[in-house]
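Have a look at the structure below, then the notes.
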Amino acid sequence: MNKKINISIVGTGLMGLQHIKAISKSKKVNLHSIVDISNNSKSLSKKYKIPLYSNVNELLNSKNLDAVIVATPNQLHEKHTISFLKNKIPVLLEKPISDNINSAKKIISSANKNRTPLLIGYHRRHNPIVSKVKELIDKGKLGNIVSANVLCWLYKHKAYYNEKWRISKGGGPLGINLVHDLDMICYLLGSIKYVQAFTSNSVRKFKVEDTATINLVLKSGALCTLNISDTIVAPWSYELTAGENPAYPKTNQSAYFIGGTKGSLQFPNLNSWYYKSERSWWKNIFDKKYNIKSDGNTLVNQIDHFCDVVSKKIKPKVNGNDGLNSLKIFDAILKSVKTGKKIKV
Ligand SMILES: NC(=O)c1ccc[n+]([C@@H]2O[C@H](COP(=O)([O-])OP(=O)(O)OC[C@H]3O[C@@H](n4cnc5c(N)ncnc54)[C@H](O)[C@@H]3O)[C@@H](O)[C@H]2O)c1
């Protein structure tokens with residue numbers, strides 16, 4: 001049997017904890033240690049019987065470290081990630097790659113210079129449902145993609161906003177929820193050329209948006225609309241339909257609707273629509289459901305993939321440039337909101 005990969009987690013907050021749980025379910029990995037400055041992490045260190053380090057240098061001086069997961073706040077991604085890459089320690093870096101484009105470029109250049117793998121934590125790409133959608137599109141089952149409609153409508157409860165950062169810049173649904181969808185759209189449909197976006201805070205009245213609509217023009221010529229709100233009672237968001245996180249009770253609805261010249265597909269519930277003979281709105285349209293189970297273990301799949309990147313030297317499924325790409329689109333969306341103009345990505 002292959003040797004297990006020893007992984008340390010830097011930052012054991014909300015997301016770091018999810019990674020600890022995923023590691024405990026993976027057969028390919030050992031939890032080596034954790035790094036955090038918070039007192040809460042002492043109980044984690046006791047629970048999992050692993051060393052707790054208070055900074056990255058202490059971890060770098062430890063023995064038998066193979067790789068790390070960086071799940072600290074976005075503003076610290078550059079500093080933490082580069083210190084590992086310089087020491088040739090592969091990094092699974094939580095999304096977004098960083099809080100700004102220059103910093104993201106520095107991270108990518110360090111990974112290249114040190115020839116050390118960097119995997120960005122867009123974990124949805126490790127969901128078998130998403131792989132099936134990608135396969136169907138790439139095989140041309142939908143024909144040429146003409147348009148896509150993506151919904152992220154959900155209702156965040158009142159107590160969620162007790163954390164003040166969630167009602168200040170970057171804490172709204174654009175900063176929290178949208179980047180995953182941007183990565184997914186690029187993965188499935190290709191690069192984005194132009195964006196135009198509008199936001200509203202008319203329901204919650206916080207400084208930050210509660211709702212946004214975004215138009216995307218893809219390099220392929222296809223068009224896409226994204227409609228996102230955290231103040232709509234509705235079942236149509238990836239979060240509430242993919243079953244990836246038990247914190248969000250799953251509905252059997254969909255969040256993505258992708259339309260092509262031969263057929264259309266909605267997912268996560270994987271229902272597709274097509275004509276059996278002549279394509280005509282006067283003929284019966286048929287539907288077919290693909291039965292691919294989302295195993296609820298997307299983070300475990302991601303960890304297993306990261307271990308293969310480290311041990312078998314396969315290429316990361318989501319690399320630094322993918323991370324930079326979604327950050328650039330996000331940046332263009334914010335510019336469009338500010339200026340009211342269509343922005344080139
Ligand atoms: N993939 C996803 O779906 C997803 C979901 C949530 C968050 N995230 C990402 O994960 C990262 C962390 O977000 P979070 O919600 O877990 O934040 P969080 O605030 O809950 O956790 C951050 C942790 O980092 C620790 N920390 C802060 N400074 C540190 C330092 N100098 N050294 C070591 N530890 C330090 C904090 O004490 C805290 O425990 C962010 O990049 C966020 O965007 C990803």
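The values are calculated or read from the model by the stated rules, or taken from the named source; none is laboratory data. This is a predicted model, so every value here is computed, not measured. Here the Cβ is made from the backbone with ideal geometry for all residues, glycine too, and neighbour counts use every protein chain on show.
Of the candidates Lys293, Lys250, the single residue that is modelled with pLDDT under 95 and either among the β-branched types (Val, Ile, Thr) or surrounded by 16 or more Cβ atoms within 10 Å (Cβ to Cβ) (or both) is Lys250.
Count of region 303-345 residues, restricted to those that are touching a Phe, Trp or Tyr at 6+ places or on another chain (Cβ under 9 Å) and either crowded, with 20+ Cβ neighbours inside 10 Å or at negative phi (or both), is 13. Only a single criterion out of (1) crowded, with 22+ Cβ neighbours inside 10 Å; (2) within 16 Å of the ligand (Cβ to nearest atom) is not satisfied by Val133, namely (2). Where residues in region 265-287 are within 22 Å of Pro235 (Cβ to Cβ) and not aliphatic (A, V, I, L, M), which of them is surrounded by the fewest Cβ atoms within 10 Å (Cβ to Cβ)? Filtering first and then ranking leaves Asp287. Just one of the listed residues (Gly260, Gly243) is assigned by TED's automatic domain parsing to the domain that holds Ala197, on the phi > 0 side of the Ramachandran plot and either surrounded by fewer than 20 Cβ atoms within 10 Å (Cβ to Cβ) or of a type outside the set (Ser, Thr, Tyr) (or both), and it is Gly243. Out of Leu60, Leu65, Leu31, Leu52, I need the residue that is in contact (Cβ under 8 Å) with a residue 40 or more places away in the chain and under 22 Å from Thr81 (Cα atoms). Which one? Of the residues listed, the single one that is in contact (Cβ under 8 Å) with a residue 40 or more places away in the chain and under 22 Å from Thr81 (Cα atoms) is Leu65. Applying the set (1) over 18 Å from the mean Cα position of the chain (by Cα); (2) in a loop (DSSP other than H, G, I, E, B); (3) in contact (Cβ under 8 Å) with a residue 12 or more places away in the chain to Asn284 leaves exactly one unmet item: (3). Might you let me know whether region 81-102 holds any residue that is surrounded by fewer than 17 Cβ atoms within 10 Å (Cβ to Cβ) and among the hydroxyl-bearing types (Ser, Thr, Tyr)? Checked region 81-102: no residue is surrounded by fewer than 17 Cβ atoms within 10 Å (Cβ to Cβ) and among the hydroxyl-bearing types (Ser, Thr, Tyr). Of everything in region 184-238, what is buried (at least 21 other Cβ atoms within 10 Å of the Cβ), charged (D, E, K, R) and out of contact with any Asp or Glu (no Cβ under 8 Å at 6 or more places or on another chain)? Give them in sequence order. Glu209, the sole residue that qualifies.
Asp322 meets each of the listed conditions (1) within 14 Å of His123 (Cα to Cα); (2) in a loop (DSSP other than H, G, I, E, B) apart from (2). For region 52-83, a residue qualifies if it is under 22 Å from the mean Cα position of the chain (by Cα) and hydrophobic (A, V, I, L, M, F, W, C), and the qualifying residues are Ala67, Val68, Ile69, Val70, Ala71, Leu76, Ile82. Residue count for region 1-44, restricted to those that are crowded, with 22+ Cβ neighbours inside 10 Å and touching a Cys at 6+ places or on another chain (Cβ under 6 Å): 2. With respect to the conditions (1) more than 30 Å from Asn74 (Cα to Cα); (2) modelled with pLDDT of 95 or more, Ile343 falls short on a single one, namely (1). Scoring Gly121 on the criteria (1) within 16 Å of the ligand (Cβ to nearest atom); (2) exposed (fewer than 15 other Cβ atoms within 10 Å of the Cβ) leaves a single failure, condition (2).
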